[in-house]
Amino acid sequence: MAGESQNLVTLAGQNRTDAQVGRHVVHTDQPIQGGGEDAAPTPFALFLASLGTCAGIFVAGFCQKRGLPTEGIRIVEKVRYGEDGALAAVDLDIEVPPSFPEKYRDALVRVADQCSVKRAIQAPPQFAVRTVVQP
């Protein structure tokens, strides 16, 4: 799926930023101790949440295709940081109810492992940041 897309990020006052993503607006802020109002998640918290929610979409799709109930399935995301504060590891635990068929449990891991966000991190894109004067 080669192509290009564009999001528009605007400064919304103090340490808040808003991103127009298609028809949706995603709000971010900083915690109070970081100079924000804590009115929304931080951009990094949204990044981490995108990993878990992406895996969740893949798990939900797997279950729906097989007519398996999704009630009671949760993904617990555990994040570890290194001594320098950098992200060191992310663990995703897919919790299923006891009634979830055992024969599909390993398959849930394999399908969640295909998450697009995770794959993008594993094969990082090139980034270009520049200042552009508006017309």
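Share of the chain's accessible area from carbon and sulfur, percent, 1.4 Å? Walk me through the numbers before you get to the answer.
Details: 5610 of 10330 Å².
C and S fraction of accessible area: 54 percent.
Kindly provide the GluC sites (Glu not before Pro) of the stretch 60-103 that DSSP labels as loop, not H, G, I, E or B, and whose Cβ sees at most 16 other Cβ atoms within 10 Å.
Sparse-neighbourhood loop GluC sites (Glu not before Pro): E71, E83.
Find me the longest stretch of the chain that has none of the exposed trypsin sites (Lys or Arg not before Pro), where exposed means in a DSSP loop (not H, G, I, E or B) with at most 13 other Cβ atoms within 10 Å. It would help to have the intermediate numbers written out before the result.
Numbers: sites that count: R23, R66, R130.
The reported range is 67-129.
Helix 43-65 and the longest principal axis of the C-alpha atoms of the chain enclose an angle of approximately 30°. Computed from the coordinates I sent, P(r) over Cα pairs in 10 Å bins from 0, in percent equals one of [x] 10, 30, 33, 20, 6, 1; [y] 14, 43, 28, 13, 2; [z] 11, 39, 28, 15, 7, 1. Tell me the label. Only one listed value fits the structure, namely [x]. Label-to-label distance for K78 and A120 is 2.6 nm, based on points extended 7 Å past Cα in the beta-carbon direction.
Annotation for F127 and F47: the two label points, set 7 Å from Cα along the Cα-Cβ direction, are 0.6 nm apart.
Keeping all protein chains in place, calculate the accessible area per residue for the chain (probe 1.4 angstrom), answer in Å².
Working: 10330 Å² over 135 residues.
I get 76 Å² per residue for this part.
Partnerless cysteines in the chain, where a partner means another cysteine C-beta under 4.7 angstrom, comprise C63. Using the alpha carbons alone, the radius of gyration of the stretch 1-76 stands to its Kirkwood radius in an Rg to Rh ratio of 1.10.
The values are calculated or read from the model by the stated rules, or taken from the named source; none is laboratory data. Everything numeric in this text was worked out from a predicted model, so none of it was measured. Note that we place each Cβ from the backbone using ideal geometry, even for glycine, and neighbour counts take in every protein chain shown. All accessible areas refer to the heavy atoms of the entire protein, side chains included, with ligands and DNA or RNA removed. Shrake-Rupley method; radii C 1.70, N 1.55, O 1.52, S 1.80 Å.
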